[in-house]
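The next block holds one structure in the form of structure tokens; read it before the comments.
The values are calculated or read from the model by the stated rules, or taken from the named source; none is laboratory data. Bear in mind the structure is a predicted one, so any value in this text is a computation, not a measurement. In this analysis, Cβ positions are derived from the backbone assuming ideal geometry, glycine residues included, and neighbour counts consider all displayed protein chains. When the accessible area is computed, the model is the full protein with side chains, heavy atoms only, and any ligands, DNA or RNA have been set aside. Shrake-Rupley method; radii C 1.70, N 1.55, O 1.52, S 1.80 Å.
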Amino acid sequence: MKNNKILFNICLFFTAIIFFTGNSSSRFNISQVKRMEKAALQGDEKSSYTITDFYGIDLQDLDKQEFWQCIWFENNNVSGAWNYANINYMNAKKSLRFQYLYFLCEEEMCSRESLFKEKTKQDYREAHQKYPDFYFADDNLKFEEINETNFQYFYDEACSGSGLAALRLAQYYENKTTENLYEKYPRLLEFGKKYNPDEEKHSLFWYRIGSQNGNKECMKKYSEILSRSKDKYDNIRAEFWKRKSFESPDIL
């Protein structure tokens, strides 16, 4: 679990080699950037990786890197999970969500041909001794509804990959705040892009977590919320989640 910045940057470099396939430049003109951003919002994995790399490596813009890293993770929660955990949750490495993200990409990280392959395997062996096993996380919840005594259970399950637990938390927080997120966040996709405990008391946060966890109802609701935004990027992403909701199996 002790991945330092040098290891992170080198792993990102090796990932870049795979995606760019020999392209030595990651600088793009404005029209190219806009096309990649749109494609990423529509669900294209390579575009979401490339634009993340562009803002993070070329422009050193951490805020935009975090934004597009979240999009990349949502487009492919295996290939994007390691970077998402170490960038967007870098200040919360003891959190259950970070641990879940870390284990989500274990198979891919351990199979990569790199100088750090054996070290990566050893890191995961040590992590398995310290942290929960997330491979059996599912939606077979012990309780139907949330109350004060079982709230932490639902919270832990949602952070560990349960879409249904995230849905229940989103429903729990519905109408519990009068804050207008459309006014506070002109672009709603900024909400929930990285670790921020202040956002956890909003239903929107849990609808996004539930969508990331694969819950069909969360995807539908999250899409509806994004579609009502005045921001073009929110609207494009709304279509992505709407499409994903039709592709996802019924698990409720």
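Data overview
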item	result
Residues satisfying the stated conditions in the range 38-59, i.e. in a loop (DSSP other than H, G, I, E, B) and either without any contact (Cβ under 8 Å) to a residue 40 or more places away in the chain or touching a Lys or Arg at 6+ places or on another chain (Cβ under 6 Å) (or both)	Asp44, Leu59
Pairs, first in contact (Cβ under 8 Å) with a residue 24 or more places away in the chain in the range 108-128, second polar (S, T, N, Q), C-beta under 6 Å, six or more apart	Met109/Thr120
Filtered residue count, the range 134-159, keeping only those that are within 26 Å of Lys93 (Cβ to Cβ) and open to solvent by 80 Å² or more (accessible area, probe 1.4 Å)	3
Selection within the range 211-234 - part of a loop (DSSP other than H, G, I, E, B), open to solvent by 20 Å² or more (accessible area, probe 1.4 Å) and under 22 Å from Ser162 (Cβ atoms)	Asn213, Gly214
Residue in the range 69-79 that is under 30 Å from Gln129 (Cβ atoms), within 10 Å of the chain's Cα centre (by Cα) and hydroxyl-bearing (Ser, Thr, Tyr) present	no
Residue match in the range 160-170 (condition: among the charged types (D, E, K, R), touching a helix residue (DSSP H, G or I) at 6+ places or on another chain (Cβ under 9 Å) and loosely packed, with under 14 Cβ neighbours inside 10 Å)	no
Some residue of the range 86-109 being closer than 30 Å to Ile236 by Cβ, at pLDDT below 90, touching a Phe, Trp or Tyr at 6+ places or on another chain (Cβ under 9 Å) and surrounded by fewer than 17 Cβ atoms within 10 Å (Cβ to Cβ)	yes
Glu66 vs. criteria assigned to a helix (DSSP H, G or I), farther than 16 Å from Asn196 by Cα and either touching a residue at least 60 places away in the same chain (Cβ under 8 Å) or open to solvent by less than 10 Å² (accessible area, probe 1.4 Å) (or both)	no
Among the residues listed as Glu183, Glu200, the single one being closer than 26 Å to Lys142 by Cβ and either acidic (Asp, Glu) or not in a helix (DSSP H, G or I) (or both)	Glu200
One residue from Ile51, Ile71 being among the β-branched types (Val, Ile, Thr), at pLDDT 95 or above, surrounded by 20 or more Cβ atoms within 10 Å (Cβ to Cβ) and more than 14 Å from Lys194 (Cα to Cα)	Ile51
Sole residue being open to solvent by less than 10 Å² (accessible area, probe 1.4 Å) and in contact (Cβ under 8 Å) with a residue 40 or more places away in the chain, chosen from Arg237, Arg187, Arg208	Arg237
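Conditions (1) among the aliphatic types (A, V, I, L, M); (2) part of a loop (DSSP other than H, G, I, E, B); (3) over 15 Å from His202 (Cβ atoms), marked per residue:
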residue: Glu126; (1), (2), (3): no, no, yes
residue: Gln129; (1), (2), (3): no, no, yes
residue: Leu141; (1), (2), (3): yes, yes, yes
residue: Glu144; (1), (2), (3): no, yes, yes
residue: Gln152; (1), (2), (3): no, no, yes
residue: Asp156; (1), (2), (3): no, no, yes
residue: Gln171; (1), (2), (3): no, no, no
residue: Thr177; (1), (2), (3): no, yes, no
